[in-house]
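Below is one structure; the comments refer to it alone.
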Amino acid sequence: MLFKHEDTRTTDYSADWPSHYYEIPTGIGRLEALDHIALQGLETSEDSFRRILCKKRFFSIDKSGKVDLFMRAWTMIQASSAAGVSFLKKKRLTAELETYMRELCLLWDTPRSETEEKILMEEWRDFARTFIASCTGSKAYCSTLFGFVPIKDTVIAEKIAAEILLVTRDYPGKLGLADTFAPFRQVMCDTYCQMIEQGETYLSSMDFSSENS
């Protein structure tokens with residue numbers, strides 16, 4: 001299996017708050033948990049920013065909380081990269097990418113505190129886990145022909161590594177924005193290495209391929 005381990009515990013999310021917050025699988029569930037904790041008088045000083053991120057990530061597009069804005073931004077960046085970057089389109093593509101960067105909270109209207117930066121890193125880490133799990137469990141991602149032909153684990157791992165570097169480094173780099181993606185890229189790569197056996201090796205091989213392409 002690709003995953004180093006799988007955890008199937010049943011968890012009381014309100015116990016030892018907020019250590020189990022990111023184990024809540026849905027946006028609406030997280031918002032309800034934040035409300036519940038606030039009603040109990042157990043809200044921490046960090047919960048207000050968690051609430052801001054939760055609402056931005058899950059309720060910006062669909063008020064039911066079913067659309068993950070981070071995943072949407074990721075998908076749009078990947079789609080944009082497939083079209084390539086030409087001189088005539090560069091200004092428009094840069095503006096589009098900056099929109100997706102705002103959706104990922106890479107660009108923020110006001111300065112963030114050190115505590116807020118830490119919470120954002122946790123939110124990115126949660127997204128990274130969600131993204132990687134969706135890739136390893138998706139028939140469309142793990143197959144070569146209409147979802148019916150399985151690909152070896154090694155190939156899946158290489159595809160995920162390549163996509164992480166494409167979305168967070170290679171495509172933004174063509175528009176001069178790779179450095180802005182650096183903290184997000186670091187979280188994605190670190191989480192990948194934690195979840196995928198020999199993840200460091202796969203990422204290193206993608207780096208080598210990119211340098212020699």
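The values are calculated or read from the model by the stated rules, or taken from the named source; none is laboratory data. Owing to the predicted nature of the structure, the values given are computational and were not obtained by experimental measurement. No Cβ is skipped: glycine too gets one built from the backbone with ideal geometry, and neighbour counts run over all protein chains shown. When the accessible area is computed, the model is the full protein with side chains, heavy atoms only, and any ligands, DNA or RNA have been set aside. Shrake-Rupley method; radii C 1.70, N 1.55, O 1.52, S 1.80 Å.
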Exercise. Out of the residues in the stretch 92-138 that are β-branched (Val, Ile, Thr) and open to solvent by 60 Å² or more (accessible area, probe 1.4 Å), state the one that is modelled with the lowest pLDDT.
Key: Thr110
Quiz item: Taking interchain pairs and intrachain pairs at least six residues apart, which have beta carbon atoms under 7 angstrom, with the first residue in the stretch 33-59 and closer than 24 Å to Leu104 by Cα and the second open to solvent by 20 Å² or more (accessible area, probe 1.4 Å) and of a type in the set (Lys, Arg)?
Solution: Leu34/Arg51
Quiz item: Within the stretch 22-70, restricting attention to residues that are in contact with an Asp or Glu (Cβ under 8 Å, 6 or more places away or on another chain) and more than 30 Å from Leu97 (Cα to Cα), which residue is most open to solvent (accessible area, probe 1.4 Å)?
Solution: Ala38
Quiz item: Looking at (1) within 29 Å of Leu175 (Cβ to Cβ); (2) modelled with pLDDT under 95, which is the only condition Arg57 fails?
Solution: (2)
Quiz item: Given the conditions (1) at pLDDT 90 or above; (2) over 14 Å from the mean Cα position of the chain (by Cα), which single one is not true for Ala161?
Solution: (2)
